Amino acid sequence: MVGITSYGAYIPIFRLSRADISKGWGGPPYGGEKAVANFDEDSITMAVAAARDCMNGMDSKTIDALYFASTSSPYKEKQAAATISAVLDMRSEIFSMDISQSLRAGTNALAAAMDSINSKSAQNIMVCAADIRLGLPNGPRELAYGDGAAAFMLGSENLIATIDGKYSISDEIIDVWRSDKDTYVRSWEDRFTKDKGYNKIVFEAVSGALKKYKLKPKDFSKAVFYSPDGRAVGSVARKLGFDIKTQIQDAMYDTVGNTGAALAPMLLAAALEEAKPGDRLLLVSYGDGCDVFILTVTPEIESAKNKRGIKGHLKSKKMLTSYEKYLRWRDIISVEPAPRPPLQVPSAVALWRDRKGGLALYGSKCKNCGTPQYPAQKICIKCQAKDQFEDYCFANRNATLFTFSHDNLAPAIDPPVTVSVVNFEGGGRIQCDMTDREIGEVQVGMPVEMTFRKIRYTGGIYDYWWKCMPLRT
Amino acid sequence: MGSIKDRVAIIGMGCTKFGELWDMDCKDMIIDAAYEAYEDAGIDPKDIQAAWMGTYVSGYTGSMIAEPLKLMYKPVTRVENMCATGSEALRNACYAVAAGIYDIALAIGFEKLKDTGYSGLPDSELAVEFVLGKTDTYRAPTFSTPAQFALMANKYFAEYGIDPDEGRELLAKIAVKNHHNGALSPKAHFQREITIEQALKAPMVAYPLGLYDCCGVSDGSAAAVVVRSDMAKKFRDDPIYIKALQICQGPREGSLNYEWGYTNMEETYRAGIAAYKEAGINNPRKEISIAEVHDCFTITEATIYEDLQFTPRGKAKEDIEAGSFSLDGELPINTDGGLKCFGHPLGASGLRMMYEVYKQLQEKAGPRQVKNPSLGLSHNIGGVPGSGVCSIIIAGN
């Protein structure tokens with residue numbers, strides 16, 4: 001038996017109201033808002049956040065494989081899963097894989113994980129899906145697309161939901177796409193994309209799955225459909241025979257937007273949050289074909305709900321103060337640079353040496369006097385004992401802001417930089433930037449948590465590290 | 001352990017005007033500072049037996065001074081200690097003379113910061129080292145130097161229950177004092193008075209530090225000629241004697257030890273204790289006549305009052321409000337305007353501080369002359385709170 005043992009999700013704290021976007025271009029006041037990753041987030045950092053939500057304190061050394069799914073991996077050639085597994089402090093002898101380039105990448109990864117577990121080549125597999133896609137300014141895709149991530153642990157024991165069936169269709173069509181030379185996602189005229197794409201293929205795939213597993217729409221408590229916008233799912237679901245009011249998982253179009261390869265996985269996480277033991281779920285994703293899964297929720301589900309998930313992240317939000325800020329964050333408009341020397345390129349060698357300290361946020365703790373220190377030391381700052389250290393990870397520890405400054409002079413995409421000195425419960429200190437903050441809320445003594453972020457992009461290298469942020473509640 | 005007290009004297013000093021010296025390069029500044037010092041000492045350039053040169057980013061090796069000054073094949077050493085570089089050049093020259101190896105040595109510092117096209121220091125990146133010590137990864141906060149000192153300001157306010165607005169006003173008073181003194185200093189970068197209102201309304205650089213909380217970024221050079229004390233009177237009637245030379249390097253404790261408090265700089269405190277001991281000073285507030293301290297930011301000056309034991313911990317506020325450290329106060333501090341107004345060409349600043357101490361002790365400080373000075377102190381730091389180095393030099397007549 002294969003299934004899901006845990007789920008997690010991530011929605012960036014910032015939201016941009018669609019009315020603010022249309023106001024910028026003089027268009028009609030579109031409704032709802034979309035989730036907007038901060039300037040220091042990308043699909044890797046969001047996948048990390050969802051995976052941490054999913055793991056929720058579990059030992060990452062028990063994981064055998066990590067699959068990362070996205071259409072917006074930061075690198076065209078370099079595996080994101082390798083980075084994510086290093087951040088999550090997984091063993092090096094795992095199987096890591098990126099599944100990319102299709103809106104179905106998230107469910108492709110779930111299918112691959114399921115097959116690996118069924119074939120007993122792995123016991124525990126982490127699947128994370130994240131996307132941050134761009135539509136051209138003043139276009140429908142800019143309005144529609146939001147950013148987010150979901151993560152699932154798959155295994156064969158202690159399942160919160162069993163995966164009882166899978167059915168797929170592969171379909172060659174140019175409906176929604178982005179070439180290797182494009183920054184923005186393109187789409188063909190929407191009558192065509194619906195008639196011969198989404199509506200047709202989803203109908204065929206779900207019909208095929210129902211037929212294969214001898215099930216009817218009424219056998220499902222909830223049907224989770226990828227939906228390119230708020231309305232698209234309606235006609236095909238109705239045609240398939242689902243009751244729109246009671247059976248269809250809300251696609252979060254008005255609150256998050258279309259999160260691409262992460263959307264179907266995020267909606268599944270949302271469905272699991274509400275699920276009761278015995279519920280049967282249908283999961284349907286779309287992109288160059290269609291993947292359909294049939295799941296049954298087990299009594300273990302109740303023990304898996306102690307996380308932020310979709311609900312927690314949805315509730316915790318800050319409104320972006322302007323559309324211009326979004327354009328700046330995504331490097332869509334150029335602005336006057338800070339009158340400071342250009343940022344330098346990190347050394348690949350130095351980053352390689354620092355992969356445990358910088359990515360998994362390990363320091364060291366003195367075995368002689370018990371003082372945790374970051375970065376890892378060889379001689380203790382407190383008692384000067386030499387080589388008496390054990391590894392000490394700071395990533396998940398409670399922390400408070402010891403002192404700070406809002407720096408207007410430092411070069412920044414979203415000035416000022418809130419330089420922060422963070423003290424950890426149990427000892428240890430890190431000086432880092434604070435992100436996802438509003439200036440007015442920052443004060444000495446406030447509780448903060450650590451979050452994995454992109455700290456610069458120079459010389460073709462994405463440099464990742466950790467920042468603190470106000471405790472997200 | 002030995003002591004430098006009264007073993008070395010300064011017989012001549014020079015200092016260029018500090019500021020935006022668009023029409024001078026390093027060599028022009030070096031020649032002006034050195035020749036003013038030679039002339040003041042009454043020596044011939046050929047009398048210099050060895051030299052120590054300090055610059056942070058404006059040159060490498062002793063050739064930077066050997067060439068313009070035509071120090072023909074003499075022993076010249078370049079030293080570097082970030083913003084405390086100037087003091088380091090003087091310290092090395094003094095020790096060499098005290099060791100009896102040389103009779104007459106030159107210490108010179110310089111920096112050319114205004115050719116870069118940037119405001120602030122030219123190396124936002126190098127300073128990452130000071131905070132996390134992670135070479136070349138840039139896995140550190142993104143910051144400018146003012147922010148590192150602003151960390152101390154916010155913590156100081158929180159620790160001593162000072163409302164941030166009140167705290168900003170308090171710091172503004174330090175800027176107003178130093179601008180007053182700078183207005184009396186012909187060689188200072190900024191020579192005009194400001195008001196508290198101006199300081200408070202100025203653009204924010206790194207909260208809570210505004211523009212007037214930050215020192216000037218300047219070009220400049222300063223130099224000293226040092227000799228053994230027993231020779232000093234042969235050159236002039238009023239040589240200035242070195243009473244203490246102390247340096248204290250912090251082990252980056254501020255980022256490694258979570259108990260480190262960010263309300264002061266331990267390096268300053270410890271260098272102060274060592275310097276007072278070497279000079280035989282028991283009550284620094286009473287015994288020191290004038291102090292030039294490293295007011296790179298107003299909060300730095302406020303905490304220096306406490307670290308140098310001029311005022312008890314947490315009580316800087318009372319002395320700032322009482323004007324204890326103004327030109328006519330109990331202990332005049334930064335009589336030439338300090339880094340705030342005289343400006344801060346990194347490699348030159350330590351020697352510029354000593355230039356003011358030297359002139360004050362010789363009672364040649366013009367309109368800013370303090371009464372009957374006997375001991376002067378210069379305090380010069382490099383790095384940032386939590387990861388600093390501090391040089392303190394005490395001199396007397």
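A few notes on this one:
- A protection proxy built from the mean count of other Cβ atoms within 10 Å ranks the segments A:101-111, A:133-143, most packed first, as A:101-111, A:133-143.
- Working note: Cα atoms of the protein assembly as shown, range along each principal axis, descending, whole Å: 111, 61, 52.
- The ranking of A:225, A:242 by Cβ neighbour count inside 10 Å, starting from the fewest, reads A:242, A:225.
- If you plug the beta carbon distance of residue A:347 and residue A:391 into 1/(1 + (r/R0)^6) with R0 = 25 Å, you get a FRET efficiency near 0.60.
- Shielding by partners - mean other protein chain Cβ count within 10 Å, residues of A:355-368: 1
- Per-selection metrics, the range A:3-329 (Cα): Rg and Dmax in Å: 18.4, 57
- Nearby lysines by direct alpha-carbon distance to residue A:365 (threshold 16 angstrom, same-chain neighbours under 8 apart not counted): A:356, A:378, A:382, A:386
- Sorting the segments B:385-391, A:459-465, B:192-198 by their residues' average number of neighbouring beta-carbon atoms within 10 angstrom, most packed first, yields B:385-391, A:459-465, B:192-198.
- Eigenvalues of the alpha-carbon gyration tensor of chain B, scaled by 5 and square-rooted, set the equivalent ellipsoid semi-axes at 31, 23, 20 angstrom, largest first.
- Cysteines in chain A that lack a partner Cβ within the 4.7 Å cut-off: A:54, A:128, A:290, A:393, A:432, A:468.
- With a Förster radius of 30 Å applied to the beta-carbon distance between residue A:457 and residue A:324, the computed FRET efficiency rounds to 0.90.
- Peptide-level mean, for A:409-420, of C-beta atoms on other protein chains within 10 Å: 6
- Estimated FRET transfer efficiency (residue A:62, residue B:330; beta-carbon r; R0 60 Å; 0.05): 0.30
- Residues B:135, A:296, A:246 arranged by fewest to most Cβ contacts within 10 Å: A:246, B:135, A:296
- Spacing of the two label points (7 Å from each Cα toward its C-beta) at residue B:253 and residue A:276, in nm: 6.2
- Inter-chain Cβ neighbour count for B:154-160, averaged per residue, equals 4 (cutoff 10 Å, partner chain atoms only).
- Separation of the residue A:218 and residue B:118 label points, Cα + 7 Å toward Cβ, nm: 7.2
- Packing, taken as the mean count of other beta carbons within 10 Å per residue, orders the peptides A:297-308, A:429-440 from highest to lowest as A:429-440, A:297-308.
- Coordinate range along principal axes, alpha carbons of the range B:269-323, Å, largest first: 30, 22, 19
- Stretch gain in nm, segment residue A:79-residue A:315, where the contour uses 0.36 nm per residue and the Cα spacing is subtracted: 81.7 nm
- Other residues within the sphere of radius under 13 Å centred on the Cβ of residue A:153, judged by their own Cβ, net out at -3 (K and R +1, D and E -1).
- Amide hydrogen proximity for residue A:385: with H placed 1.01 Å from N in the peptide plane, the residues at 5 or more positions away or on another chain lying under 5 Å are A:380.
- Model label sites at residue A:306 and residue B:6, defined 7 Å from Cα along the beta-carbon direction, differ in position by 7.3 nm.
- Straight-distance candidates among the lysines for linking to residue B:177, with alpha-carbon spacing under 23 Å and chain neighbours fewer than 8 residues away dropped: B:17, B:187, B:201, B:286, B:315, B:317, B:340, B:359, B:364, B:371.
Each value in this text was obtained by applying a stated rule to the coordinates, not by laboratory testing. Treat the numbers as computed from the prediction; the structure is a model and nothing was measured. No Cβ is skipped: glycine too gets one built from the backbone with ideal geometry, and neighbour counts run over all protein chains shown.
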